[in-house]
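Participant: Got a structure for you, questions after.
The values are calculated or read from the model by the stated rules, or taken from the named source; none is laboratory data. Not measured: the values here are computed from a predicted model. Here the Cβ positions follow ideal geometry from the backbone for every residue, glycine too, while neighbour counts run over all protein chains shown.
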There are 2 protein chains.
Amino acid sequence: MGLIVQKFGGTSVADLERIRYVAKRVGKTYDQGNDVIVILSAMAGVTDRLIDMAAQIAESPEKRELDVLLATGEQTTAALLAITLKDMNYPAISMLGHQAKLVTDCTFGNARILEIGAGTIIDLIEKRNIVVVAGFQGCDINGNITTLGRGGSDTSAVAIASALKADICEIYTDVDGIYTADPNICKKARKINTISYDEMLNMASLGAKVLQIRSVGFAKKYNVPIHVRSSFSEEEGTMVVSEDSGMEQLVVSAVTHDKNQARITLRKVHDQPGVAAKIFSPIAETGIVVDMIIQNTRAEGQTDLTFTVPKEDFSAAMEIERKVAGKIGAEDVLGDKNIAKVSVVGVGMKNHSGVASIMFNTLARENINIMMISTSEIRISCVIEEKYTELAVRVLHTAFGLDKED
Amino acid sequence: MGLIVQKFGGTSVADLERIRYVAKRVGKTYDQGNDVIVILSAMAGVTDRLIDMAAQIAESPEKRELDVLLATGEQTTAALLAITLKDMNYPAISMLGHQAKLVTDCTFGNARILEIGAGTIIDLIEKRNIVVVAGFQGCDINGNITTLGRGGSDTSAVAIASALKADICEIYTDVDGIYTADPNICKKARKINTISYDEMLNMASLGAKVLQIRSVGFAKKYNVPIHVRSSFSEEEGTMVVSEDSGMEQLVVSAVTHDKNQARITLRKVHDQPGVAAKIFSPIAETGIVVDMIIQNTRAEGQTDLTFTVPKEDFSAAMEIERKVAGKIGAEDVLGDKNIAKVSVVGVGMKNHSGVASIMFNTLARENINIMMISTSEIRISCVIEEKYTELAVRVLHTAFGLDKED
């Protein structure tokens, strides 16, 4: 018995039948004597539909208003689950972001949690209520509705788990755990039993899609144990915990890919002090996250500067950079949306050399051109042409000995 | 130039194309130098879909949670209109019920407005913002989301118009004004140029569907002039004003009908003091509005007691009355959903007798049986079998000289 935070993703609440199933699962946990806080995403596809609606009426939808629109998705599922639980005679109550006092900064569309006024939820929990919190949303100090970015419900869940000192934060999703690669494109991918926050951080940022990166950072900081598991089975999933917990020590733990990237190049930039700030500050100010940056020196004090942004921010970033190019006298701004990032991740890499050369050779053997490279202590990433993504993942998975036995 | 409240109903914001049209209309009013507050309903059909969803997962969906669910409808349209206006470079900002400080009592599903903290909206208006308020919703003093009942956006509009002392409250809808009867079933119905609050009050309650009754009561109390007009044309619609404003003085101004009624009869009730309270208090406590009540005395101190409730409350009311019947020893509870109420309305009736007999004779001539009758100073209503509704409306419209000339 304890305090359990259960977060259910979009596919887990995709329709009323699944919501009923979630209600049963929540009810079972509650009946075992646990206190339960549930965090919900919007129904699968709903957020995309809302974004698409907004895109139909405005080229760059006002971010404050877009958040008001998007917040309806989680409001809907929270209400529906509370209705279902009530109908099953559980004392459930829904809470929206502002009601749960999930206070964020004012970065609409990608807000960061500043604090959680846990008092309201604690009061309700102490009276043995099941509290159903709409994920993904909060409010700023002026009462404006904000959202936490794609996958923000994970962060809602971990943040609430940490604020309420929950015993565990269960992330229910449509996969049964974290895999060594996306099983949809790599048939030989294996489920990982335990993974460290750091590896997960690198995987999430690389598009593993199972957990929002910010939620893992939060979990690491406050040491919240996360259990990623399937909402469709009772099987154990993958525990995400701190590094010491005696896990398998493979050199590479997983191969990940991310197609949600676009590349922007500023050609013939005058290589002067302060020029990078001029290029990246206006982007950062709009809240767009730049991932990889590469600078190629040309002759005559000129360089080409290439960086990647999420695909959905591509047109906004291109627009900004065209203006910047004018001001700093760059010759041209080129854009490319047909790229993907493929990465290998593993804490074991710290103690092994040669991982990079295996990776480059493996890709070269398939004639896959590497456009950009970036590395961290436990990760190597390559940007390649999007069409080679699946092939690259499979050959790397094999090359690093991750394939499951037949 | 002045302060204009514009409310757009569900059909006026039914899709993105229409929302764009609404934005143009709002923008035009703003460009003429007016301050504009916009109140929006949910897209046509959305509230029904949400109610239907809730009904699929729970027999009697918890009312607090149902309000959380329903409030998403107006949140969506408010955000979409604000996005559209912003895209057209108007300084628009959306406000949800709790943000607009529309404070209500705690009667979920049918809350009454207690006060409007106009300060926030006034501040925004003074900075020449177009404020887009999500209609239909408010919040109670504990921050729970409430809704104002079907058509509640009208009440939002009139309440905000009165709190901000607006010059006029324009109600944009899919009809071009108030008619002498529903033009869909009575081809000879005429548009009324001016109608009194009192007539409108009687018509709204009888199912004219154009304005929520509570909004008219509000408008009457605070003398807010309402202009009901089409969102699809520039034509003048119907002004709803106080009675003195020199309007046409027909004996009967309109024939209305209401199919959203159901009848419940408690048979062989012991006719003792306090029995009516026992029958109606539990219904009133759940917030169900009883319309007509008729008591037929039988022999031996027993009576049959018949009353009508809105169709959507029928099963809840039946359940309550079955329990009541057991307690007070009534023999039986009968229900009938196949009824309709047909009414004639007119301030001129005050000074004319014979209206009732014309009405009864006209229905009798068509062999339409009258099940229940109720009257007010300016209205006579008859409950009849639902299937005769259209016929009854047409013959009464002709009998009271309302038909337009060909």
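Participant: Scan (1) at pLDDT below 90; (2) closer than 11 Å to A:Met200 by Cα; (3) not small (Gly, Ala, Ser) for the single condition A:Val216 breaks and write down its number.
Facilitator: Condition not satisfied by A:Val216: (1).
Participant: Those residues that are within 14 Å of B:Val133 (Cβ to Cβ) and β-branched (Val, Ile, Thr), I need them from segment B:157-170; list them, please.
Facilitator: Of everything in segment B:157-170, those that are within 14 Å of B:Val133 (Cβ to Cβ) and β-branched (Val, Ile, Thr) turn out to be B:Val158, B:Ile160.
Participant: Is it true that some residue in segment A:150-157 is modelled with pLDDT of 95 or more and within 12 Å of chain B (Cβ to nearest Cβ)?
Facilitator: Among the residues of segment A:150-157, not one is modelled with pLDDT of 95 or more and within 12 Å of chain B (Cβ to nearest Cβ), which makes the answer no.
Participant: Considering segment A:61-73 alone, what residues qualify as being more than 7 Å from chain B (Cβ to nearest Cβ) and in contact with a helix residue (DSSP H, G or I) (Cβ under 6 Å, 6 or more places away or on another chain)?
Facilitator: Residues satisfying the conditions are A:Leu70, A:Gly73.
Participant: Continuing with this model, one more query. Please give the number of the condition B:Glu17 fails out of (1) in contact with a strand residue (DSSP E or B) (Cβ under 9 Å, 6 or more places away or on another chain); (2) in a helix (DSSP H, G or I); (3) more than 7 Å from chain A (Cβ to nearest Cβ).
Facilitator: Failed condition: (1).
Participant: Of the residues A:Ala55, A:Ala82, which is more than 17 Å from A:Asp154 (Cα to Cα), under 23 Å from the mean Cα position of the chain (by Cα) and of a type in the set (Gly, Ala, Ser)? Even if it seems obvious, please write down each step before you answer.
Facilitator: On the way: A:Ala82 fails: under 23 Å from the mean Cα position of the chain (by Cα).
From the options A:Ala55, A:Ala82, the qualifying one is A:Ala55.
Per-residue answers, yes or no, for (1) out of contact with any strand residue (DSSP E or B) (no Cβ under 7 Å at 6 or more places or on another chain); (2) small (Gly, Ala, Ser); (3) not assigned by TED's automatic domain parsing to the domain that holds B:Val46:
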residue	(1), (2), (3)
B:Glu74	no, no, no
B:Asn89	yes, no, no
B:Ile113	no, no, no
B:Gly119	yes, yes, no
B:Leu124	no, no, no
B:Gly135	no, yes, no
B:Ala161	no, yes, no
B:Asp167	no, no, no
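To keep it simple, each residue is scored yes or no on (1) part of a loop (DSSP other than H, G, I, E, B); (2) acidic (Asp, Glu); (3) within 30 Å of B:Leu66 (Cα to Cα).
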site: B:Arg150; (1), (2), (3): yes, no, yes
site: B:Ala157; (1), (2), (3): no, no, yes
site: B:Ile160; (1), (2), (3): no, no, yes
site: B:Asp182; (1), (2), (3): yes, yes, no
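Quick grid of which residues meet (1) touching a strand residue (DSSP E or B) at 6+ places or on another chain (Cβ under 9 Å); (2) within 14 Å of chain A (Cβ to nearest Cβ):
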residue	(1), (2)
B:Phe8	yes, no
B:Ser12	yes, no
B:Val22	yes, yes
B:Asp35	yes, no
B:Val38	yes, yes
B:Gly45	no, no
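Participant: With respect to B:Arg267, is the statement that it is modelled with pLDDT of 80 or more, not assigned by TED's automatic domain parsing to the domain that holds B:Met349 and not acidic (Asp, Glu) true? Full working, then the answer.
Facilitator: Working: modelled with pLDDT of 80 or more: yes; not assigned by TED's automatic domain parsing to the domain that holds B:Met349: no; not acidic (Asp, Glu): yes.
No: the conditions fail for B:Arg267.
Participant: Something else about it: Take B:Val26 and tell me if it is among the aliphatic types (A, V, I, L, M), assigned to a helix (DSSP H, G or I), buried (at least 21 other Cβ atoms within 10 Å of the Cβ) and within 13 Å of chain A (Cβ to nearest Cβ). Even if it seems obvious, please write down each step before you answer.
Facilitator: Working: among the aliphatic types (A, V, I, L, M): yes; assigned to a helix (DSSP H, G or I): yes; buried (at least 21 other Cβ atoms within 10 Å of the Cβ): yes; within 13 Å of chain A (Cβ to nearest Cβ): no.
No; evaluated as a whole, the condition is false for this residue.
Participant: Right, here's the next one. When you scan segment A:123-147, how many residues do you find that are hydroxyl-bearing (Ser, Thr, Tyr) and within 12 Å of chain B (Cβ to nearest Cβ)?
Facilitator: Taking segment A:123-147 first, the residues hydroxyl-bearing (Ser, Thr, Tyr) are A:146-147.
With the extra rule that they be within 12 Å of chain B (Cβ to nearest Cβ), the set shrinks to A:147.
The total comes to 1.
Participant: For segment A:277-322, give me each residue that is on the phi > 0 side of the Ramachandran plot and under 27 Å from the mean Cα position of the chain (by Cα).
Facilitator: As a first pass, look at segment A:277-322 and keep what is on the phi > 0 side of the Ramachandran plot: A:287, A:300-301.
A:Gly287, the sole residue that qualifies.
Participant: Hey, another quick one. What about A:Ile130, is it surrounded by 18 or more Cβ atoms within 10 Å (Cβ to Cβ) and either farther than 21 Å from A:Gln99 by Cβ or at pLDDT below 95 (or both)?
Facilitator: It is false that A:Ile130 is surrounded by 18 or more Cβ atoms within 10 Å (Cβ to Cβ) and either farther than 21 Å from A:Gln99 by Cβ or at pLDDT below 95 (or both).
Participant: Using the structure shown, decide if A:Thr76 is away from every other protein chain (no Cβ under 13 Å) and in contact (Cβ under 8 Å) with a residue 24 or more places away in the chain.
Facilitator: On the way: away from every other protein chain (no Cβ under 13 Å): no; in contact (Cβ under 8 Å) with a residue 24 or more places away in the chain: yes.
Here the answer is no, as A:Thr76 does not meet what is asked.
Participant: What about B:Thr47, is it touching a residue at least 24 places away in the same chain (Cβ under 8 Å) and over 17 Å from A:Pro61 (Cα atoms)? Even if it seems obvious, please write down each step before you answer.
Facilitator: Working: touching a residue at least 24 places away in the same chain (Cβ under 8 Å): yes; over 17 Å from A:Pro61 (Cα atoms): yes.
Taking the combined requirement at face value, the residue satisfies it.
Participant: Now a separate question. If you check B:Asp35 against the conditions, is it of a type in the set (Asp, Glu), within 20 Å of B:Val13 (Cβ to Cβ) and modelled with pLDDT of 95 or more? Steps first, answer last, please.
Facilitator: On the way: of a type in the set (Asp, Glu): yes; within 20 Å of B:Val13 (Cβ to Cβ): no; modelled with pLDDT of 95 or more: yes.
No: the conditions fail for B:Asp35.
Participant: Only residues that are in a strand (DSSP E or B) and either out of contact with any helix residue (DSSP H, G or I) (no Cβ under 7 Å at 6 or more places or on another chain) or under 14 Å from A:Cys169 (Cα atoms) (or both): list them for segment A:184-211, please.
Facilitator: Restricting attention to segment A:184-211, the residues satisfying the condition of being in a strand (DSSP E or B) are A:191-192, A:194-196.
Selection gives A:Lys191, A:Ile192, A:Thr194, A:Ile195.
Participant: Could you tell me which numbered condition A:Thr120 fails, if it satisfies all but one of (1) under 27 Å from A:Glu234 (Cβ atoms); (2) at the interface with chain B (Cβ under 10 Å from one of its Cβ atoms)?
Facilitator: Evaluating A:Thr120 over (1) under 27 Å from A:Glu234 (Cβ atoms); (2) at the interface with chain B (Cβ under 10 Å from one of its Cβ atoms) leaves (1) as the failure.
Participant: Could you look through segment B:326-355, keep only residues that are of a type in the set (A, V, I, L, M, F, W, C) and in a helix (DSSP H, G or I), and pick out the one that is surrounded by the most Cβ atoms within 10 Å (Cβ to Cβ)? Quick ask: steps written out before the conclusion?
Facilitator: Our first condition is that a residue be of a type in the set (A, V, I, L, M, F, W, C); within segment B:326-355, this holds for B:328, B:330, B:333-334, B:339-340, B:342, B:344-345, B:347, B:349, B:355.
Filter once more, keeping what is in a helix (DSSP H, G or I): B:328, B:347, B:349, B:355.
Details: B:Ile328: 16, B:Val347: 21, B:Met349: 23, B:Val355: 19.
Result: B:Met349.
Participant: While we're looking at this one, here's another question. If you take the residues in segment B:296-325 that are over 24 Å from B:Glu59 (Cβ atoms) and surrounded by 14 or more Cβ atoms within 10 Å (Cβ to Cβ), which one is modelled with the highest pLDDT?
Facilitator: Here is the first cut: in segment B:296-325, the ones over 24 Å from B:Glu59 (Cβ atoms) are B:296-306.
Still in the list and also surrounded by 14 or more Cβ atoms within 10 Å (Cβ to Cβ): B:302-306.
Details: B:Gln302: 85, B:Thr303: 85, B:Asp304: 88, B:Leu305: 88, B:Thr306: 92.
In this case the residue turns out to be B:Thr306.
Participant: Further, regarding this structure: Against the condition of a type in the set (S, T, N, Q), assigned by TED's automatic domain parsing to the domain that holds B:Ile51 and in contact with a Phe, Trp or Tyr (Cβ under 6 Å, 6 or more places away or on another chain), how does B:Ser153 come out, does it pass? Steps first, please.
Facilitator: Working: of a type in the set (S, T, N, Q): yes; assigned by TED's automatic domain parsing to the domain that holds B:Ile51: yes; in contact with a Phe, Trp or Tyr (Cβ under 6 Å, 6 or more places away or on another chain): yes.
Answer is yes for this residue.
Participant: Taking the stated definitions as given, is B:Arg214 within 17 Å of the chain's Cα centre (by Cα), in a helix (DSSP H, G or I) and surrounded by fewer than 24 Cβ atoms within 10 Å (Cβ to Cβ)? Step through it out loud before you land on a result.
Facilitator: Numbers: within 17 Å of the chain's Cα centre (by Cα): yes; in a helix (DSSP H, G or I): yes; surrounded by fewer than 24 Cβ atoms within 10 Å (Cβ to Cβ): yes.
Spelling it out, B:Arg214 is indeed within 17 Å of the chain's Cα centre (by Cα), in a helix (DSSP H, G or I) and surrounded by fewer than 24 Cβ atoms within 10 Å (Cβ to Cβ).
Participant: Out of segment A:96-114, which residues are more than 9 Å from chain B (Cβ to nearest Cβ) and either touching a helix residue (DSSP H, G or I) at 6+ places or on another chain (Cβ under 8 Å) or buried (at least 24 other Cβ atoms within 10 Å of the Cβ) (or both)? Can you show your working first?
Facilitator: To start, the set of residues in segment A:96-114 that are more than 9 Å from chain B (Cβ to nearest Cβ) comprises A:97, A:100-114.
Within segment A:96-114, A:Gly97, A:Ala100, A:Lys101, A:Leu102, A:Thr104, A:Phe108, A:Gly109, A:Ala111, A:Arg112, A:Ile113 qualify.
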